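A.B. asks: First, the structure itself, so that you have it in front of you.
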Amino acid sequence: MKFNTSLLHSSTPGDKFGATQTPIYQVSAFSLDSAEHLEKVFANKAAGFAYTRIGNPTVDAFEKRIAALEGGIGAVACSSGMSAVTMGLLNVLRAGDEVIAGSGLFGGTIDLFGDLSQFGITTRFIDTVTADSVKSRINEHTRAVFAELIGNPKLDIVDIKSVAAVCHENGVPLFIDSTTATPYLIHPFEYGADIVIHSASKYINGGGNSIAGMIIDSGRFKWDTARYPAFAEYGKFGRFAYLAKLRGGIWRNVGACLSPFNAYMCSVGLETLGVRMERICDNAKKLAEYLRTLDGVTVNYPALEDSPYYPLVQSQLGGKGGAILTVRAGSRERAFALINALKYALIATNIGDVRTLVIHPASTIYLHATEQQRESAGVYDDTIRVSVGIEDIEDLTEDFGNAVKASQEH
Ligand SMILES: *Cc1c(COP(=O)(O)O)cnc(C)c1O
């Protein structure tokens, strides 16, 4: 099966009425036929559901779809992308540990690493995540390397294969936040990533109607109990150790579960991921090429031939550059004027919607970041981030053309 067919036909709901989607099981608890049965479900000795914080059929169906799509051995859904990042990392980290992370990360993730420092977890930021930069930062305390495949909003691209090789030589897993790439552009496990994270709120949902996150495990990383002592009691789960620890531990106990309703919305959205990505990557490329011809603005889009990431777009992402581009308007005033002059693009802090969205990151997502953090994330005073939607490209180019012209009057 090819991508779009498999989205629809790789798993069936198995519903007794023949429902074409797994329905929304909007309940907190499931009653079982005997005390013995419930005991078995609690002890993971019988399949079944007991309580929605721990498991729910609608959420389970969504998890299975994503795990299959990414080629992982299993997935755990979370209440948001941020909770997926947090739970995914905290499942392997403890006080005294260090993480190596790219400095061009999503603002919320940068803020999270600040919060984790309160718990004795130190993050070493590197400007760009390459084999060499990771090698120079890795030490005996490093327990995870974290990178965004296509940095949001820096739009830098990680060469997963070479970075994973350095991680594995040092016994450290590579976490890849693949939100902006999506399984349509790449399956990071095929290049050596160990854990993949998605904010499903974005492209997977596609309609901007639910917050959700997902953690997927390749099942290939060997959790050496000398470096990861908390994995000792999970050795019996073999390659499912990471997922068993997550489900039985921090994820369950923090209560980071996804609601059945949001799982349903994301699962429905997922079915059109392929057609949406095809369209929005195409729109983004055309819009980037058009903006490049205009005076007064510069554009950053990885699939443009003069981008330093163009070769990785070809080798890793099948020639597609994703659906985010950034524009520099010359000054903060011009950036604001450009944003305010747009007719169709909505001013909103989101990506991956079917509608085109724009934001001025420096005054919003990076409001709490230092000047230096902003610059290393590719966020300048005049930067506008555009999340390209499925509108007709002629309308988008006309809208942006007029807005650029209007901004030049400032
Ligand atoms: C949005 C986003 C997140 C956080 O996801 P939420 O669902 O908003 O919590 C994490 N990583 C990236 C790359 C994102 O774009």
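The values are calculated or read from the model by the stated rules, or taken from the named source; none is laboratory data. On a predicted model such as this, the values are computed, not experimentally measured, just so you know. Every residue, glycine as well, gets a Cβ built from its backbone with ideal geometry; the counts of neighbours run over all protein chains shown.
A.B. asks: Need the failing condition index for Ala230 against (1) touching a helix residue (DSSP H, G or I) at 6+ places or on another chain (Cβ under 9 Å); (2) under 23 Å from Phe49 (Cα atoms), just the number.
C.D. replies: (2)
A.B. asks: Would you tally the residues in the stretch 120-140 being touching a Lys or Arg at 6+ places or on another chain (Cβ under 8 Å) and aromatic (Phe, Trp, Tyr)?
C.D. replies: The number of residues fulfilling the criteria is 0.
A.B. asks: Of all helices (runs of 4 or more DSSP H) completely enclosed by the stretch 127-201, which ones contain at least 3 residues that are more than 16 Å from the ligand (Cβ to nearest atom) and among the charged types (D, E, K, R)?
C.D. replies: Working: elements: 131-137, 160-169, 182-185.
Of the helices (runs of 4 or more DSSP H) lying wholly inside the stretch 127-201, those with at least 3 residues that are more than 16 Å from the ligand (Cβ to nearest atom) and among the charged types (D, E, K, R) span 131-137.
A.B. asks: Right, another one. Within the stretch 38-53, restricting attention to residues that are at pLDDT below 95 and not small (Gly, Ala, Ser), which residue is surrounded by the most Cβ atoms within 10 Å (Cβ to Cβ)?
C.D. replies: Once the filter is applied, the top-ranked residue is Val41.
A.B. asks: Could you tell me how many of the residues in the stretch 256-299 are more than 23 Å from Ser210 (Cα to Cα) and of a type in the set (Phe, Trp, Tyr)?
C.D. replies: Adding up the residues that qualify gives 1.
A.B. asks: Which one of Ser31, Ser6, Ser83 is under 18 Å from Trp251 (Cβ atoms) and either part of a loop (DSSP other than H, G, I, E, B) or under 25 Å from the mean Cα position of the chain (by Cα) (or both)?
C.D. replies: Just one listed residue meets the conditions, Ser83.
A.B. asks: In the stretch 385-410, what residues are surrounded by 16 or more Cβ atoms within 10 Å (Cβ to Cβ) and under 12 Å from Leu342 (Cα atoms)?
C.D. replies: Val386, Leu396, Thr397, Asp399, Phe400, Ala403, Val404, Ser407
A.B. asks: May I pose another question? Taking the conditions exactly as written (within 26 Å of Asp159 (Cα to Cα), at pLDDT 95 or above and not β-branched (Val, Ile, Thr)), does Lys343 satisfy them or not?
C.D. replies: no
A.B. asks: Within the stretch 273-322, count every residue that is under 17 Å from Pro183 (Cα atoms) and either acidic (Asp, Glu) or modelled with pLDDT under 95 (or both).
C.D. replies: Adding up the residues that qualify gives 2.
A.B. asks: Would you check if there is a residue in the stretch 319-339 being within 16 Å of the ligand (Cβ to nearest atom) and of a type in the set (Ser, Thr, Tyr)? Steps first, please.
C.D. replies: Filtering the stretch 319-339 down to residues within 16 Å of the ligand (Cβ to nearest atom) leaves 321-326.
Next, only the ones that are of a type in the set (Ser, Thr, Tyr) stay: 326.
Scanning the stretch 319-339 turns up at least one residue that is within 16 Å of the ligand (Cβ to nearest atom) and of a type in the set (Ser, Thr, Tyr).
A.B. asks: Out of everything in the stretch 202-234 that is in contact (Cβ under 8 Å) with a residue 12 or more places away in the chain, more than 16 Å from the ligand (Cβ to nearest atom) and small (Gly, Ala, Ser), what residue ends up being surrounded by the fewest Cβ atoms within 10 Å (Cβ to Cβ)?
C.D. replies: Looking at residues that are in contact (Cβ under 8 Å) with a residue 12 or more places away in the chain, more than 16 Å from the ligand (Cβ to nearest atom) and small (Gly, Ala, Ser), I get Ala230.
A.B. asks: Filter the stretch 54-71 for residues that are surrounded by fewer than 24 Cβ atoms within 10 Å (Cβ to Cβ) and part of a loop (DSSP other than H, G, I, E, B) and give the result.
C.D. replies: Ile54, Gly55, Gly71
A.B. asks: On to the next question. List the helices (runs of 4 or more DSSP H) inside the stretch 259-374, counting only whole elements, that have at least 2 residues being touching a His at 6+ places or on another chain (Cβ under 7 Å).
C.D. replies: 332-341
A.B. asks: Within the stretch 87-118, how many residues turn out to be crowded, with 17+ Cβ neighbours inside 10 Å, free of Cβ contacts under 8 Å to residues at least 40 places away in the same chain and either more than 11 Å from the ligand (Cβ to nearest atom) or over 26 Å from Cys257 (Cβ atoms) (or both)?
C.D. replies: Residues in the stretch 87-118 being crowded, with 17+ Cβ neighbours inside 10 Å, free of Cβ contacts under 8 Å to residues at least 40 places away in the same chain and either more than 11 Å from the ligand (Cβ to nearest atom) or over 26 Å from Cys257 (Cβ atoms) (or both): 2 in total.
A.B. asks: Here are some residues: Thr293, Thr326, Thr298, Thr349. Which one is in contact (Cβ under 8 Å) with a residue 60 or more places away in the chain and hydroxyl-bearing (Ser, Thr, Tyr)?
C.D. replies: Among Thr293, Thr326, Thr298, Thr349, only Thr326 is in contact (Cβ under 8 Å) with a residue 60 or more places away in the chain and hydroxyl-bearing (Ser, Thr, Tyr).
A.B. asks: Which of the residues that make up the stretch 146-177 are at positive phi and more than 19 Å from the chain's Cα centre (by Cα)? Before you say what the answer is, go through the steps one by one.
C.D. replies: At the first step, the residues of the stretch 146-177 found to be at positive phi are 155, 171.
Selection gives Gly171 alone.
A.B. asks: Determine if the stretch 66-84 includes at least one residue that is more than 15 Å from the ligand (Cβ to nearest atom) and either over 26 Å from Ser210 (Cβ atoms) or without any contact (Cβ under 8 Å) to a residue 12 or more places away in the chain (or both).
C.D. replies: Checked against the condition, which is being more than 15 Å from the ligand (Cβ to nearest atom) and either over 26 Å from Ser210 (Cβ atoms) or without any contact (Cβ under 8 Å) to a residue 12 or more places away in the chain (or both), the stretch 66-84 yields no hits at all.
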